[in-house]
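Just so it is clear, none of the values below were taken in a lab; they were calculated from the coordinates. Since the structure is predicted, the reported quantities are computational estimates derived from the model, not experimental observations. Cβ: placed from backbone, ideal geometry, glycine included. Neighbour counts: every protein chain shown.
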Amino acid sequence: MKFDKPVEGDFKDALTIVGKAIPRIDGPAKTTGTAKYAYERHDVSGPQLVGYPVTSSIARGRIVSIDTSRATSAPGVVTVLTTLEHLPLPKTSYHTATLFGGDQVEHYHQAIAVVVAKSFEEARSAANLVSVTYEKADGDFDLRKALEKGSDEDREVVSSAGDFETAYAAADVKLDAVYTTPGQSHAMMEPHASIAEWEGERLTLWTSNQMIKWNVDALALALDMPAENIRVDSPYIGGGFGSKLFLRADGVLAALAARKTGKPVKVMLPRPIIANNTTHRAATIQTIRIGATRAGRITALYHEGLSGNLPGGDPEDATAQTPKFYAMDTHLVVRRLATVHLPEGNAMRAPGETSGLMALEIAMDEMAEKLGMDPVEFRVLNDTQTAPHPPNKPFSRRNYTQCLRTGAEKFGWADRNPAPGSRREGQWLIGHGMAGAYRGGPITASGARAKLLQNGRIRIETDMTDIGTGSYTIIAQTAAEMMGVPMSQVEVNLGDSSHPASAGSGGQWGASSSTAGALAACLALQRAIAERIEEPYESISFREGQVHFANSSLPLTRIAQAGELQADGALEVGDFRKKVVVSTFAAHFVEVGVNAATGETRVRRMLAVCDAGRILNPMTARSQVIGAMTMGVGAALMEELAPDTRHGFFANHDLAGYEVPVHADIPEQEVIFIDDLDPYASPMQAKGVGELGLCGVSAAVANAVYNATGVRVRDYPVTLSKLL
Ligand code: MOS
């Protein structure tokens, strides 16, 4: 199915299931503990051995030797596999650090061995007996110092128009400020885990991964084997947030250990090594200069995003939203990437925009205050229907002003006192803040198979994943709608690489892409059904479990009796979309109380208004957004990977030291979706909300804290010591 022109029409009267608030169909399995996550797959044949990873205790250098003799003779141990037995595994284009193999240590807690034993306890115990001799090398672990080493030449101009310096010098009102965001850890609930089993040359990996096709291809490269001989299965995923986009050490160690022992082997990455062994959202230092007319129109904007990564890694692009968010006559957007030898920085939920808006949306608040303008009005005034960069490209749909206005009204923004520190309830200083949000609305090719089973039920099979987002449910809704059957007649099988390849769960493209893939498969199945009943496809329709045609109908269950029918379909995306910018927008409103004595911040009320085209299921979409708002509170108030800049590792590498919000931290949350359809977004006219929901939240919290206290914190997280 080629998506090669805008999809007009609203289908609103026709749709009875898509767009409805339907609880997750995988909910009962998850809440009763019967959904099997990677580490608890017992459908693997025979007893499983357990691998426990041994990781580097230096950040950089060379491994001289690994003494495994004590570990090998420990009780229950079957084998110890070390990095020195393997060449460095090739890297994919998606990640930077070597997962395993060779004698070079690129970052702290890099996997350097795996102890394989009959039980978890025996493997873990023996892992402590592996003794490693290192030749340590120096590294750069301090982002600021690493940046000083660079030169102006490694500044990359992301976007520019006009002469910023001149326009800024001439501006009536100016802001020049530096903001910092710390490294953040995904801190998903389910750790990385895999079970590997070989049958001859064929490998099966039960794992927890967002992008099945990427994982198969990465395994094929790493293990130097044909992708056809690899099956990856990941039906349930306990959170990802980008940490599970890529093959990680658990999958590699399990596969290598299973090959060596000839038995199934399971490996989990223990929580305390995840922060340093895997990836994280890298810290940023951002300079923002805004110049405006007295009336509040932005005439000059400069945004510089600095970050660091391992050699060959990508920047954390905090400037991502800036060329597209606000109208601005003249601008200069630059970024710089320094080499730091901390663990790899890589994608975490809305990479780029999350960090960028944490800074930009405080800057907008500061600017509004300098102008004596309401922060909502300042944003409305600088809204635009065409992107500053690429110049004059229209947005497919952009309802940012509507988000701002709706939010202000529902939140009661008019009652806010703009004077900081002016409202007090007992010992609590009360503040109100808001921020805007921007995130891209990408879509990507996605395939699926639709089946009419012999019992008359419909089944959709695709390698799409559900990372807690609701994929199972929205795909089932799409199939039920298309095939004219109730939800109870639809089954959805996800996460298996033996199914057609899908978009996967990433970049908030999953919902719009994978439902379009399911739609394509259902259209193909409709054709197959027409063929079986020998009726012209154009004359048949599907409703109430029946196929209707010229003056008659047949139940699907009857048609199915002649044998199962199946058809593949796929979404293919044409170039027409390049004529426009497809994005999602939001406005966030937050009320906080800050304790006047202790500086403790309590979030009291949150509202998000989101503009993301058709909302496929308001219940699962709302869950995505409130989860994201929760993450935004974490980023605003507590989350911070603290680098030990002497030894090059994140010191707070578990959930005791790396704090995330708990239920008691999260107040009333309200989510409003703008009722809109985006003809360019997808055949479903839908865009994603999972990442949008996080963008801008932290700045809204920080702005509310400023309104409460009069203390402007530009370095996240906004902890109490910065307020007192
Ligand atoms: Mo996302 S950071 O592409 O899971």
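Structure data summary
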{"read-out": "For the chain: relative contact order, % (alpha-carbon pairs under 8 angstrom, 6 or more apart)", "value": "17"}
{"read-out": "Nearby aspartates and glutamates by direct alpha-carbon distance to Lys5 (threshold 19 angstrom, same-chain neighbours under 8 apart not counted)", "value": "Glu572, Asp575, Asp676, Asp678"}
{"read-out": "Along principal axes, Cα extents of the range 296-339, largest first, whole Å", "value": "41, 13, 12"}
{"read-out": "Fully extended contour minus Cα-Cα distance, from Met619 to Ser539, at 0.36 nm per residue", "value": "25.3 nm"}
{"read-out": "Residue exposure sequence - Lys579, Lys263, Lys213 - by fewest surrounding Cβ within 10 Å", "value": "Lys579, Lys213, Lys263"}
{"read-out": "222 nm mean residue ellipticity, helices alone, for the chain (DSSP H n ≥ 4; -39,500 (n - 2.57); rounded to 500)", "value": "-7500 deg cm²/dmol"}
{"read-out": "Formal net charge of residues neighbouring Ser698 (Cβ-Cβ distance under 13 Å; K, R +1; D, E -1)", "value": "-3"}
{"read-out": "Whole-number percent relative contact order across the range 374-499, with pairs defined as alpha carbons under 8 Å at least 6 apart", "value": "17"}
{"read-out": "Segment Leu720-Arg144, extension gain: residue separation times 0.36 nm, minus the distance between their alpha carbons", "value": "205.0 nm"}
{"read-out": "Distance between the range 194-243 and the range 435-451 - C-alpha centres, whole angstrom", "value": "22"}
{"read-out": "Percent RCO, i.e. relative contact order, over the range 66-223, from Cα pairs under 8 Å lying at least 6 residues apart", "value": "21"}
{"read-out": "Theoretical gain in end-to-end length, Arg271 to Ala35 [0.36 nm per residue, Cα-Cα removed]", "value": "82.8 nm"}
{"read-out": "Set of lysines with alpha-carbon distance to Lys174 below 22 Å, sequence-local pairs under 8 removed", "value": "Lys324, Lys370"}
{"read-out": "Calculated FRET value between Glu668 and Ser73, using beta carbons and R₀ = 51 Å, to 0.05", "value": "0.30"}
{"read-out": "Leu84 paired with Lys578, simple spin-label distance in nm, labels 7 Å along Cα-to-beta-carbon", "value": "5.2"}
{"read-out": "Equivalent ellipsoid dimensions for the chain as semi-axes, Å, which come from the Cα gyration tensor, largest first", "value": "41, 38, 22"}
{"read-out": "Kyte-Doolittle at least 1.0, axis length at least 15 Å by Cα - qualifying DSSP helices, the chain", "value": "212-223"}
{"read-out": "Pairs from Lys410/Lys722; Lys578/Lys687; Lys91/Lys244; Lys12/Lys451 whose Cα-Cα separation, in the structure shown, is over 21 Å", "value": "Lys410/Lys722; Lys12/Lys451"}
{"read-out": "Highest to lowest packing among 658-668, 401-411, scored as the average C-beta count within 10 Å", "value": "401-411, 658-668"}
{"read-out": "Partner lysines for Lys263 [C-alpha distance under 23 Å; skip if fewer than 8 residues away on the same chain]", "value": "Lys36, Lys118"}
{"read-out": "FRET efficiency estimate (nearest 0.05) - Cβ-Cβ, Ala414 to Lys2, R0 51 angstrom", "value": "0.60"}
{"read-out": "Pair-distance profile P(r), taking every C-alpha pair of the range 367-431, with 10 angstrom steps and integer %", "value": "18, 36, 29, 12, 4, 0"}
